[in-house]
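Just below is one structure, and these are the notes that go with it.
Values quoted throughout were computed directly from the atomic coordinates according to the rules given, and no laboratory measurement underlies them. Bear in mind that the values here come from a model prediction, so they are computed numbers and not experimental data. Ideal geometry is used to build each Cβ from the backbone, glycine not excepted, and the neighbour counts take in all protein chains shown.
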Amino acid sequence: MGTVILFLVIYSAITFFKKVSPYIILVAVILYIYTLIKKIFIFSWQALTSVPGLIIIGLLLLGLIGYYGYRHNRCAVCGKMYRQNQYVAVTDDKVCLNCMQAIGVDVKQLPTAVHVEKTLTVAEIKALQKNNIIIDPLQRWEAYQAKDATPESSTLTAKQVTDLRELKRLLDDGIITQADFDAKKRQILGI
Ligand SMILES: [Zn+2]
């Protein structure tokens with residue numbers, strides 16, 4: 001009988017634990033405190049492994065798992081809840097498949113080797129959606145890999161430009177030699 005009750009409680013908890021997990025935690029904590037007060041002087045392994053004890057532990061675990069899932073199943077772009085396995089991990093967060101589809105990325109249609117989501121950020125997806133831009137995931141992934149294979153073309157920082165201008169002026173004024181200039185230039189560019 002006890003086993004049947006335990007099974008029924010756990011079964012119904014699994015069915016509803018997503019939505020009611022915060023309440024499950026509350027009920028479990030109240031039950032736990034109640035049991036603690038009641039059994040505080042005879043608290044033993046027997047109490048812990050009794051049916052009520054197991055139910056309380058089970059409820060606590062389900063509640064915690066459900067609450068964790070509840071907190072971590074929100075799409076970073078549209079803010080809606082998504083079901084388990086209905087999301088992809090982009091560079092900085094998780095995004096639901098609907099939001100990916102809105103920018104032309106149908107993850108389920110793509111070969112598993114294409115990880116276009118790794119090239120996208122939440123801000124970028126929001127911008128693409130806002131401007132109704134559809135991307136070609138295969139092309140984008142190829143471009144991303146090609147970019148990864150070859151070193152990025154160096155873009156100068158503002159400080160480097162200022163330093164190089166100053167250096168050129170020193171050379172033109174005859175304060176430093178061409179050799180000095182070349183050495184210093186390499187140092188500024190870090191090559
Ligand atoms: Zn979404």
Practice task
Could you please find all residues in segment 110-126 being among the hydrophobic types (A, V, I, L, M, F, W, C), in contact with a helix residue (DSSP H, G or I) (Cβ under 9 Å, 6 or more places away or on another chain) and closer than 18 Å to Val77 by Cβ?
Solution key: Val116, Leu120, Ile125
Handout entry: Subset of segment 81-99 [closer than 10 Å to Glu117 by Cβ and near the ligand (Cβ under 10 Å from one of its atoms)]
Key = Tyr87, Lys94, Val95
Exercise for the section: Exactly one condition in (1) within 30 Å of Leu26 (Cα to Cα); (2) away from the ligand (no atom under 16 Å from the Cβ); (3) in contact with a Gly (Cβ under 9 Å, 6 or more places away or on another chain); (4) not basic (Lys, Arg) is not met by Asp136; state its number. Expected result: (1)
